[in-house]
Structures are given as C-alpha cells and as structure tokens.
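S.K.: Dumping the structure here so I can ask a few things about it.
The values are calculated or read from the model by the stated rules, or taken from the named source; none is laboratory data. In this text the structure is predicted, and so the values were computed from the model without any measurement. Ideal geometry is used to build each Cβ from the backbone, glycine not excepted, and the neighbour counts take in all protein chains shown.
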Amino acid sequence: MATLKEIARSLDLSVMAVSKALRDAPDISTATKARVQEEARRINYVPNQSARNLRSRHSHLLGVVIPNINNTYYSNLVWGIERQAESMGFQILLAHSLDQADAEVAEVRRLLARQVEGILLVPAVRWQNRFMTLELLRQAGIPVVMLDRYPAGAEQFPQASWVVSRDQYGVEQAVRHLLELGHKEILYLSGPNGSSASAARFGGYKKTMADSEIGHDDRRVFLAGNDINSGRKAMIQALSEKVPFTAVAAFNDHVAIGAAEVLEQQGFRVPSEVSLVGFGDGLLATHFRVPLTTVRVPQIELGTAAVFQLNELLAGRTIDPRELPVELVIRFSTAKAS
C-alpha cells in the first residue's frame, strides 16, 4: 500500500509537508499541494482513515441495526440512511438482529467496539427487558434514534429519539376505505406483540370500527406478526374459526400477502369475494399477483430523517420524536362488497 513516505521521497519533501498538503493546510503553497495531490493519485495513495480518526477523536461512523436487509422495507430505510449519512460526512456499519433481542444486543456491542458515534436502530420485538439496548447505549454515552417503532417508555432516555410513520392514521384510512366499499365484516391481522407500530395500527382499526355503525368485535382480530408466514398462519386460524368476513386489513404487506395465498388456496378470489389491504407499500405490494391496496410509508424519508435526528443528538441538542405522513394507495385488491 502506498504511503506518505513514498510521496515525500519521490518529491523530495518531508513527510510532515506531504501530510499537511493533503490536509490542505494554509501554510503549504498551492503549487506544492498540487504536486503532492498529483503524486498521490499516481501511486494510488489512500489516506489512513483510522489514524485520522484517532487524531480528531471522531470515527465518523454510524451503526445501523435492522431486522433483515432482505425485507425491502428495511433495505429502503438503509438506502435513505446511507445517502443522508454520506452527505453529512458519515459512513455506516450495518448489522442484522433478525428481530431477536439477544442478537440485537450482541450487534450493538460489536458496533460500540468499532467506535461508532451513534446508532440507528429498528428495535427487535421483545417480551422482556425492552430497555436492554437503550440502557447499554446510555451507559456508553452513545445516542440512538429508533426507526419504524420504539418501546413504550423510551422517552426516559435523554439520548434517544425516534422517527416513525403515522401508523394509526394510516390504518384508519385503510379501514375507512373498506367501509366505504360496503364491507361490514372486516378481519384484522395484527402485528407482533410488544411493538409500538402494532399497537398504533391496531388502535387505528379498533377506533375506526368502533366509530362506525358496525362497532368493534374482538372476534375479528387475529394475531399475526410481520412476515408472510405469520400472515398465512393467522388466515388459517381465522378460517378455522369460521368467523364471517368479506375484507381483511393486515399489519403490513407481508402479512397481507401471506393471507392472500391462503385465501386463494381455499378458493376465495381477491378482490371479488374478499378485499385485502396491507401497510408499507414495498416492492411486494406492486408485484404481487393482485397489486395490493396499501398504506404507503415514506421509507427512504424515514431513514433520511433519522440521520438528521441523530446528528442533532450528536451536537448535544434536544429534539422531539417525529411522525412522518402516510398515504392510502388504492390498487386492485379491494372492491365493493358483493
């Protein structure tokens, strides 16, 4: 690997002069800087970023922990994060929790060992000790911004904030759309317990049904999760309990698609016999056999906003959590009740 010494020897300069020229120091002439930069390009010199970080006491690294990059929802979050972080002079280190609390803590410890300045986190859904990661970061003095969801009580951590979508409002719009189509028997396939997003979206379903002339009925609510398989299982359970329905609202697009697969296997046609609504609007929503009516979440913007939030925390400023707007997108999986 090319070194400062090689540049200095080639140009008959001191190593200190070469170093200062590459840093654009004011006491080095423009001509000398140009010579040094040209030689650095010629021999493919790459600055030692670790050494620079030691001198500045800043790593310019941000840790990012998500459940799974294979989910396009999370890959879009990362795209927004990476694009904004790079524009602000940061690089990201990516880790996966697989939505498991123990894995999340292990990955955060690994990122702390890499001297990250802050953490961007999609929290794993956990039943116990929901503050494990936040407490670890508090002890390390590292700020964190959570995306998509956050544990209840997170506001007690002054170096923590979050950026989420308007989950409750989004589901209210989706269920209202089904009601306007004449559906009265609407199932809800809920998200995993312990998630703020699950609570908010279920709240949107429950409120809209309770405010309608139909009313809310707990028998039409089935616990799913956040993946296709959990949607399949929830739909199988609903069918086995023989609860009548003409429409299904799901926690997210993956759950909706899992439900649709079971419905089609059992001979139900979407949307002529059963209308279906998801949440998220990732690639699956547009590429499924029946393009999915869903609630569009600004996934890239969530990532961008989270980096802004984290930068404010790094600067020592107090910030409020943010909710980003959502939008109902009507496609071909919903139709008038027959």
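S.K.: Where in the stretch 1-44 are there helices (runs of 4 or more DSSP H), lying wholly inside it, with at least 1 residues that are exposed (fewer than 12 other Cβ atoms within 10 Å of the Cβ) and modelled with pLDDT of 90 or more?
M.R.: 30-42
S.K.: Which numbered condition trips up Phe202, out of (1) over 29 Å from Leu276 (Cα atoms); (2) part of a helix (DSSP H, G or I)?
M.R.: (1)
S.K.: Still on this structure: Could you list, ordered by first residue, the pairs with Cβ atoms under 6 Å in which the first is in the stretch 134-157 and in the same structural domain as Tyr74 (by TED's automatic domain parsing) and over 12 Å from Ile119 (Cα atoms) and the second is aromatic (Phe, Trp, Tyr) and modelled with pLDDT of 90 or more, at least 6 apart or interchain?
M.R.: From the stretch 134-157, the pairs are Tyr150/Trp162.
S.K.: Right, something else. Hey, could you check the stretch 143-167 for residues that are among the small types (Gly, Ala, Ser) and over 20 Å from Leu314 (Cβ atoms) and say which is modelled with the highest pLDDT?
M.R.: Ser165
S.K.: May I ask you to list pairs of residues, at least six apart or on different chains, whose Cβ atoms are under 8 Å apart, with the first in the stretch 93-106 being among the acidic types (Asp, Glu) and the second being surrounded by fewer than 16 Cβ atoms within 10 Å (Cβ to Cβ)?
M.R.: Cβ pairs passing all conditions: Asp99/Asn68.
S.K.: Look through Ala305, Ala260, Ala335, Ala256 and report the one residue that is among the small types (Gly, Ala, Ser), in contact (Cβ under 8 Å) with a residue 60 or more places away in the chain and under 27 Å from Ile142 (Cβ atoms).
M.R.: Selected residue: Ala305, the only one of Ala305, Ala260, Ala335, Ala256 that is among the small types (Gly, Ala, Ser), in contact (Cβ under 8 Å) with a residue 60 or more places away in the chain and under 27 Å from Ile142 (Cβ atoms).
S.K.: Another question, if that's okay. Any idea how many residues of the stretch 262-277 are outside any loop (DSSP other than H, G, I, E, B) and either closer than 13 Å to Ser338 by Cα or among the acidic types (Asp, Glu) (or both)?
M.R.: Number satisfying all stated conditions: 2.
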